[in-house]
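Report on the following structure.
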């Protein structure tokens, strides 16, 4: 037949084959003429020298195989081979002699390719990149392990991934390990510097409102102690976190409803120090920058030192370290002819730990110093900020009076914590892990109840002349007081509960020997203080008895009412020849902000504590130009400074100035001093 009004399919079959016919894509009508040119749909870098091009229709083999039809910028140029995929003629594979740089964006130009009807494509350009994720390119950035009770976010567990690179990262066939279970990602990618929220599929409707979402059929996190690992399609470890409820750093938020947020993704080696509870009122920030984000860089440093044997040292760093750098023997040097360790052992399962073996043994009764070079690097090859010097030695048995209570804060500021400072006044090397801190609870008519608590559970050496600051929250004390050595702060948990009005602090050994005992009361504070909240009691002299009330004094206002971990503001040496002294330095100053003699200091030194000071500044005509200090409670030594600014907030003119200094104590003793200085200026 040459024409028909009908078209159909005639099938002849047996009953057993009646359901085995399939017909598809049948067309009846005018002959279809293809006049549309092919279009490039996508470019995928399969290797660092191979591209897969996908078109919208089958191609003619000759033009598809012409290498001159393809050009890549940045010096890559034409491929050395172009081949049409015979099994799928919409795909072309290109091989290049040059290599694509990892993470670099490129542009390919394509022209001259024909389809099977002979239509030539219009010239096209398309961007692509070759990218293989390296460790920390994508990081686990936020963890909602316990969403209940709800604070403001949907009641679902989730983790947030963050892409730190400037290229889109395909996560096809990546694996997320939660505990011992693996979860395989399907087709999903993360935009440059973008986020991906990962949870169970049921959470998509609620959590996708906060950003790109990917769901698994099941997804469950424990509240604490969970191991999370993210691996790429090659099996390389990209990010890993083992989180703990200690990371919240907030007991209230630890109970649920708040996420754990990473502070700075750059600090990937820092573990829990780089995480804390979200500050966002909703309880977390899925899909956006973390509410606790800071660009502060946490540098590696030694966190703990332990003398394991008489020739073996254990070092614990605050971060995961580069094992090769950490194992370099020349990075560690001990004085007194010990030298470098003969070997340093590391463990991949404990990346913050190094074990040092020395040929020569350490001798009892000798204080050694180990210098640790700043060249030791963390897991991202960041060096320590400076060399570290650690004093240590073989520990000896502490006797009564070897270590004394040196400062006590028993009535802290609002939101503050108590602390006890101890001092090793002996010539012995003391291990604080065998000591305990105690208190006596009085509740008449019941007998006194004494409670003791271990100071610390790991070996911690206190060498002669060293301080240690014991508290339940070192971070709180460091925030509320100025200290030059927070490294001596130790977390004692649990910590004794000291009453705000009176009580007893006890320092003893585990065998029960009392090293020191201090019975304190609020009325031991300096009586002219308007308040005593946040004011510590300081020991004046190490050698004077602890039970001598005159050996204790309120910490000076000039140091912030506390000196945790450093020499007391009220400390005095036993020196009967000491004389009170007021000095002005320099005698000529020039307050022009050039960094040289910009301020003048009125320095004071007193034999005994308990003085208040007033300083007025007069010009050469006897006119009061500045009330510098008014009735300030002093320590035994210190200084006040004048920057040349008058009370009217103007700069004082060049000339001679007189400091009228008045000192008085509770006994009514008043001392007057007149000191002069010259305010100069450059010509």
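Here are the numbers for this structure:
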| quantity | calculated |
| --- | --- |
| Pair list, Cβ under 6 Å, 6 or more apart: segment 194-219 residue at negative phi, other residue crowded, with 20+ Cβ neighbours inside 10 Å and part of a helix (DSSP H, G or I) | 197/207; 199/207; 213/207 |
| Residues that are within 26 Å of residue 396 (Cα to Cα), in contact with a strand residue (DSSP E or B) (Cβ under 9 Å, 6 or more places away or on another chain) and either outside the structural domain of residue 374 (by TED's automatic domain parsing) or surrounded by fewer than 19 Cβ atoms within 10 Å (Cβ to Cβ) (or both), drawn from segment 310-337 | 311, 312, 314, 316, 333, 335, 336 |
| So residue 25, is it on the phi > 0 side of the Ramachandran plot and out of contact with any strand residue (DSSP E or B) (no Cβ under 6 Å at 6 or more places or on another chain) | yes |
| Conditions (1) in a loop (DSSP other than H, G, I, E, B); (2) at pLDDT below 90; (3) in contact with a strand residue (DSSP E or B) (Cβ under 6 Å, 6 or more places away or on another chain): number failed by residue 11 | (3) |
| Unmet requirement for residue 268, which otherwise passes all of (1) buried (at least 17 other Cβ atoms within 10 Å of the Cβ); (2) modelled with pLDDT under 95; (3) outside any loop (DSSP other than H, G, I, E, B) | (3) |
| First in segment 6-34 and assigned by TED's automatic domain parsing to the domain that holds residue 119 and in contact (Cβ under 8 Å) with a residue 24 or more places away in the chain, second anywhere and surrounded by 10 or more Cβ atoms within 10 Å (Cβ to Cβ) and assigned to a loop (DSSP other than H, G, I, E, B), Cβ under 9 Å, 6 or more apart | 33/117; 34/57; 34/116; 34/117; 34/118; 34/119 |
| Answer residue from segment 89-101, given it is out of contact with any helix residue (DSSP H, G or I) (no Cβ under 6 Å at 6 or more places or on another chain) and not in a loop (DSSP other than H, G, I, E, B) and is surrounded by the most Cβ atoms within 10 Å (Cβ to Cβ) among those | 94 |
| Scan of segment 254-265 for residues that are surrounded by fewer than 22 Cβ atoms within 10 Å (Cβ to Cβ) and either closer than 30 Å to residue 376 by Cα or touching a strand residue (DSSP E or B) at 6+ places or on another chain (Cβ under 8 Å) (or both), ordered by number | 254, 263, 264, 265 |
| Strands (runs of 3 or more DSSP E) wholly inside segment 149-236 containing at least 1 residues that are buried (at least 17 other Cβ atoms within 10 Å of the Cβ) | 158-163, 175-178, 195-200, 213-216, 227-231 |
| Residue in segment 619-631 that is surrounded by 14 or more Cβ atoms within 10 Å (Cβ to Cβ), in contact with a strand residue (DSSP E or B) (Cβ under 7 Å, 6 or more places away or on another chain) and either more than 12 Å from residue 659 (Cβ to Cβ) or outside the structural domain of residue 661 (by TED's automatic domain parsing) (or both) present | no |
| Any hit, segment 79-88, residues being within 28 Å of residue 165 (Cα to Cα) and buried (at least 20 other Cβ atoms within 10 Å of the Cβ) | yes |
| Residue match in segment 505-521 (condition: surrounded by fewer than 13 Cβ atoms within 10 Å (Cβ to Cβ), within 37 Å of the chain's Cα centre (by Cα) and either part of a strand (DSSP E or B) or at negative phi (or both)) | yes |
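The values are calculated or read from the model by the stated rules, or taken from the named source; none is laboratory data. These figures come from a predicted structure and were not determined experimentally. With ideal geometry, Cβ positions are generated from the backbone for all residues, glycine too; neighbour counts draw on all protein chains shown.
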